[in-house]
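None of the figures in this text is laboratory data; all of them are computed from the coordinates on show. Predicted model, so just to flag it, every value in this text is computed and none were measured. Here Cβ is always computed from backbone atoms with ideal geometry, including for glycine, and neighbour counts include all displayed protein chains.
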Amino acid sequence: MKEPAPPSSGELRQLARSGDLVFRTGPFLVRLQSRLDSFLDTWQRAYGSLEPLPADTVCHYRIAVTRGRGVAGLLRRQALFRADGMTPFDPYPFSHAFPMYEWGLNWCIAMSAHNYLLLHSAVVEKAGRALLLPARPGSGKSTLCAALVGRGWRLLSDEFGILRHEDGLLLPLPRAAPLKNESIDLLARVAPALTFGPRYDRTRKGDVVHLFPPADSLRRQEEPARPRWIIFPRYRQGARLELTPEAPLVTFNRLINNAFNYRVTGEAGFTSTCRLLRNVDSFRLEHGNVEEAVDSIEALLEDDLR
Amino acid sequence: MSPLLQVLADPKRAEALEPRAWDALIGDARRTRLLGRLSFLLEDAGVKNIPAAAAESMAGTRAYLDHLHVTARRELASLERLPGAIGAPVVLLKGAAYLAAGLPVARGRGLNDIDILVPEAALPACEGWLKAAGWHFDGQLSAYDEHYYRTWAHELPPMRHPESHFELDVHHALVQRTNRLAFDPAPLFDAAVPIPGTPFHRLCDEDMILHVVAHLLVSDEPRGGLRDLDDLYRMLTIFDAEERLRERATALGLVLQLKHSISVLVSLFGGTLDARDIVPGMRQTSPSLVPTLLAWSAVPGGRPHHLQRLAERLLFLRAHWLRMPFDTLICHSARKLTAQY
């Protein structure tokens, strides 16, 4: 069967202008309206391989990325994020429309998708085994996640561990992953096949470059994965590699304290977390070298496959 | 007609919606905080073939509301010793009252704060008890804000608690002291009914309806408009003591406001209320400006954007016009403007 061709940049702009650009991102359907060509070009570089869905699809979120209005918008070009008529943030500098869109959509999901347990975690998968990398900002989670993706792990998400209560599976949400500028040189060396977006200076989260989701991740975005490991990574300059098993209770506490909606999900969230912990091995991983960290994770996988 | 209005008026009509209308329905309901309400209406009407994205969006909202309701009940439980301590009735208002009393209107409805009403004489004791229990006023309050609340408002400044999800608003009247529509709250306490299983009271049915009416027409927050209107619609459709409501509206000086509200409901949701004689003589009069503005401002996508904004602004001005005498309003606006710089 022939795959439908992705839209040309002209077609994409046409769809987005009229609010008819509809696409899937993991379990969610999004309708995107925008007239900002520079934003749409970046969007297309990140997600261009996705098949646009019919304009009359019923969506979870209706998003608009527009020019900022008002006096401030006249003095300085600004970009504004709206979701279902609500504006969660102040306008961003015009050139930062893409990171604004990415954080905006994350905000929508974190605020509303309480029918899932939303863990704050990167998720990758290989050979049918999913690995959760929950961590606080600054732990090197995104860099490690990107390095794993560079070694052939499938990117499910850099930010959301979406756990479905019904079957305990993790749902992919392959999106552009914001990386600190410093890790780009490193990643270009250890994972040359990855594709990165433009650099955005001085955003709320520092200088940021996005890792674009590989085409394979996007193609398989409706394919859930079975959780196998939870690893809490921590990068520390000069640290020796140490992969230490973590007690389930410790993992439980770290996981729920760092989740987006554990409290909101009540009993369902508790049950799903317990099931998750019964089905995974958990570790903490301290390292001073991301390649060694990847090697140690690959070794875990090989043990498991043996 | 907006799909949201169609479905609020008659949930069965969801079955005939095209996908594009379903899409607008979910977006508009989310924006007006009616997604939870919508979910229960569709469930009760047995609507089949709900598109997956719509069903999942509503499931997410229901999970959130379940959590919010549990949290609110727990916080109400922590206030259970308040009525005894101050020796006066504590009347729960709006969302907290609907929830505690298990009224149908609580289903699928969120709440941002816990509103209570106590007699003005009990206000100092109430404030003292709450402060001892760890509630405090927002630290950002200026001396002028404090003066504003103490002299003119119908409530204490909003209170917060380090362990509480909600803001606590302690009222001593339903309408601002300086408002042209202000009325003596004493009869509200006389008619208040105990909420079984709790030490709290709620307003009697007709006062509860009139509270929403007063809030709709004197509030300066248009975003809550449609949700409040829908609350009122749900209450009026199951309320059958029209005579009592009329008398009460007359006694409290809210007849015109009630008339305006019903007129908005009839124009938005259609004729089911029109046929009932809630306010005599209503059907002879032509629709007036205020209900028209309210209807325009409340419905997302119902009117061109600039008309909706205009309606919101006019209502905001009207709310302020009602809120205090003209000279006080001028002073207040000047203070508020200069405080920004």
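General remarks:
- Rg [Å, one decimal], Dmax [Å, integer] - the protein assembly as shown, C-alpha atoms: 27.6, 85
- Relative contact order (%) - criterion: Cα under 8 Å, at least six apart; region: region B:52-186: 21 percent
- Along each principal axis, Cα extent of region B:38-115, largest first, Å: 54, 19, 14
- Whether region B:72-218 is rounded, prolate or oblate, judged on the alpha carbon gyration tensor where a/c under 1.5 counts as rounded: rounded
- Listed peptides B:207-215, A:154-162, A:80-88, A:196-204 appear in the order A:154-162, B:207-215, A:80-88, A:196-204 once ranked by packing, highest mean of other Cβ atoms within 10 Å at the front.
- Structure-based [θ]222 nm, the protein assembly as shown - -39500 (n - 2.57) summed over DSSP H runs of at least 4, per residue, nearest 500: -14000 deg cm²/dmol
- Ordering of B:13-26, A:288-301, A:238-251 by burial proxy (mean other Cβ atoms within 10 Å per residue, highest first): B:13-26, A:288-301, A:238-251
- Once C-alpha pairs closer than 8 Å and six or more residues apart are averaged by separation and normalised to the residue number of chain A, the relative contact order reads 16 percent.
- For A:LEU179, the residues 5 or more places off, or on other chains, whose built amide H falls under 5 Å of its own are A:VAL209, A:HIS210, A:LEU211.
- Taking θ as phi - 60° and the Karplus parameters 6.51, -1.76 and 1.60, the scalar couplings of region B:308-319 work out to 5, 4, 4, 4, 4, 5, 5, 5, 4, 5, 4, 4 Hz in sequence order, x denoting glycine and proline.
- By the count of other C-beta atoms within 10 Å, a proxy for reagent exposure, B:GLU127, B:GLU80 are ordered fewest to most as B:GLU80, B:GLU127.
- Over chain B, relative contact order from alpha-carbon pairs under 8 Å, at least 6 apart, %: 16 percent
- In terms of distances greater than 32 angstrom between alpha carbons, the cross-link table entries B:LYS94/B:LYS259; A:LYS205/B:LYS94; A:LYS126/A:LYS180; A:LYS126/A:LYS205; B:LYS12/B:LYS94; B:LYS131/B:LYS259 yield A:LYS205/B:LYS94; B:LYS131/B:LYS259.
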